[in-house]
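Here is the structure we will look at, set down as structure tokens.
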Amino acid sequence: MDITNILTPFLEADGKPVSGGKLAAELGVTRVSIWTRLEQLRQEGFVFEASPRIGYTLIKRPEQVHPVLLVSILKRLIATGKYKLKAPLPEIHHGEHLDSTNNEAVRRLSEGQAAPFVISAATQTMGRGRLGRIWDSRHKKNLYLSFAFRPQSLPDKIQAITLVLGLRLCAHLAEKYNIPAQIKWPNDIMCNGRKIAGILTEARIDSDQIRDIVLGIGLNVNAPSLDFPFEMRDIVTSLSQEKGEPIDINDAAADCILSILTSYEQFSERGRGSDFETLWKKYDSLAGKTVVIRPTNNKGGESTTGVVQGIDANGCLVVRDEAGTKHVFSAGEITLAK
Ligand code: BTN
């Protein structure tokens, strides 16, 4: 082990003290180097309590994504078997201020960087949402992540990848935080009627194959309502607002990353998977609801009002209007009818 892994023994100790001598021996460095590194980490938001003859106890972690801590947590989650990632952990790149993690991922893909890889940002200056919207990304309290893949599959798989990964993320949030997370087709994650996360999928397609695909996830972690623009406060939420307590953002990032990476591996092996329908029924926020849907694909067209029947084998939303006619949408913007 080298000094960059200094946080691992603290994670293993799980809140108990770690002796300075043991740290120095395990990492193969002097006690002075340990002390110096801990001082650096203190500047970065960690709090270590030093007890003479006992050691150091990690009592507080940074309140924003800390790339070294994040990688240490990721490795630990894999080592403990919580996530069964078959491939090695991909590279995680973290930027303090990026324009957009999706843009950064596309730049790296264009330069030929091997995929998969993950981009994380503390803040984004040009965070993008679906349909050309802005994704408010000024605050370091939330997660901004992009996952870059080169799937080597047909373009018609893009919708399925997005739905499967979105659904898995929803199921993960519901299970880990015990919140009523639901998916709103195609890629909003809702909680108690408010949006807690959004997914922006962007793919580049060669003649008949997906060249690469970037899945951007914005997950509201610790932002209080007042951090959001006034007009959004009633329609968005965050994990901490739902739980009524602060959430460890590095833990949240690590779990989100491994949940997406393992789901992607499963998708590559067996497509939607036999549990897709069951999970969709469990987490679908729209089934049986009357909605107004405005098509947003190239064809555009009139809005339709009708009752949501579910999704078809291609992941398209099926809506039945008042006259009983079935409409199938591959893309659209949905509002609940009043
Ligand atoms: C939406 O619900 O409209 C999708 C929002 C996606 C936001 C994320 S934040 C990380 C990634 N980078 C971006 O610029 N957008 C996505």
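Looking at V18, V32, which is the one that is surrounded by 17 or more Cβ atoms within 10 Å (Cβ to Cβ) and farther than 18 Å from D248 by Cβ?
On the way: V32 fails: surrounded by 17 or more Cβ atoms within 10 Å (Cβ to Cβ).
Every option except V18 fails the conditions.
Could you check the stretch 270-295 and list, in sequence order, the residues that are buried (at least 16 other Cβ atoms within 10 Å of the Cβ), modelled with pLDDT under 95 and not hydrophobic (A, V, I, L, M, F, W, C)?
Within the stretch 270-295, R272, G273, R294, P295 meet the criteria.
Please tell me if V307 is free of Cβ contacts under 8 Å to residues at least 24 places away in the same chain, touching a strand residue (DSSP E or B) at 6+ places or on another chain (Cβ under 8 Å), farther than 22 Å from D156 by Cα and among the hydrophobic types (A, V, I, L, M, F, W, C). Quick ask: steps written out before the conclusion?
Details: free of Cβ contacts under 8 Å to residues at least 24 places away in the same chain: yes; touching a strand residue (DSSP E or B) at 6+ places or on another chain (Cβ under 8 Å): yes; farther than 22 Å from D156 by Cα: yes; among the hydrophobic types (A, V, I, L, M, F, W, C): yes.
Criteria met by V307.
In the stretch 200-210, is there at least one residue being assigned to a loop (DSSP other than H, G, I, E, B), touching a residue at least 24 places away in the same chain (Cβ under 8 Å), among the β-branched types (V, I, T) and surrounded by fewer than 18 Cβ atoms within 10 Å (Cβ to Cβ)? Full working, then the answer.
Of the residues in the stretch 200-210, the ones assigned to a loop (DSSP other than H, G, I, E, B) are 207-208.
Add one more test, that the residue is touching a residue at least 24 places away in the same chain (Cβ under 8 Å), and what stays is 208.
Right, trim to among the β-branched types (V, I, T) and you get none.
Taking every residue of the stretch 200-210 in turn, none turns out to be assigned to a loop (DSSP other than H, G, I, E, B), touching a residue at least 24 places away in the same chain (Cβ under 8 Å), among the β-branched types (V, I, T) and surrounded by fewer than 18 Cβ atoms within 10 Å (Cβ to Cβ).
Could you give me the residue pairs with C-beta distances under 9 Å whose first residue belongs to the stretch 99-112 and is modelled with pLDDT of 95 or more, whose second residue is of a type in the set (K, R) and within 14 Å of the ligand (Cβ to nearest atom) wherever it lies, and which are 6+ apart or on separate chains?
Filtered contacts from the stretch 99-112: S100/R128; N102/R128; N103/R128.
Please work out which residue is nearest to the ligand (Cβ to nearest atom), limiting yourself to the stretch 216-242 and to residues that are loosely packed, with under 12 Cβ neighbours inside 10 Å and not in a helix (DSSP H, G or I).
That would be I235.
Pick out the one residue from S263, S259 that is modelled with pLDDT of 95 or more, crowded, with 19+ Cβ neighbours inside 10 Å and more than 16 Å from the ligand (Cβ to nearest atom). If you could, list the steps in order and put the result at the bottom.
On the way: S259 fails: more than 16 Å from the ligand (Cβ to nearest atom).
Being modelled with pLDDT of 95 or more, crowded, with 19+ Cβ neighbours inside 10 Å and more than 16 Å from the ligand (Cβ to nearest atom) holds for just one of S263, S259, which is S263.
Using the structure shown, decide if T125 is among the polar types (S, T, N, Q) and in contact with an Asp or Glu (Cβ under 7 Å, 6 or more places away or on another chain).
Numbers: among the polar types (S, T, N, Q): yes; in contact with an Asp or Glu (Cβ under 7 Å, 6 or more places away or on another chain): yes.
Against the criterion (among the polar types (S, T, N, Q) and in contact with an Asp or Glu (Cβ under 7 Å, 6 or more places away or on another chain)), T125 qualifies.
Kindly indicate the residue of the stretch 99-155 that is within 12 Å of L215 (Cα to Cα), surrounded by fewer than 21 Cβ atoms within 10 Å (Cβ to Cβ) and among the hydrophobic types (A, V, I, L, M, F, W, C) and also nearest to the ligand (Cβ to nearest atom) among those meeting that condition.
Selected residue: V106.
Scan A197, A171 and give me the residue that is of a type outside the set (V, I, T), more than 16 Å from the ligand (Cβ to nearest atom) and under 14 Å from the mean Cα position of the chain (by Cα).
That would be A171, the only listed residue that is of a type outside the set (V, I, T), more than 16 Å from the ligand (Cβ to nearest atom) and under 14 Å from the mean Cα position of the chain (by Cα).
The values are calculated or read from the model by the stated rules, or taken from the named source; none is laboratory data. Remember, it's a predicted structure, so these values are computed and weren't measured experimentally. Positions of Cβ are backbone-derived with ideal geometry, glycine not excepted, and every protein chain shown enters the neighbour counts.
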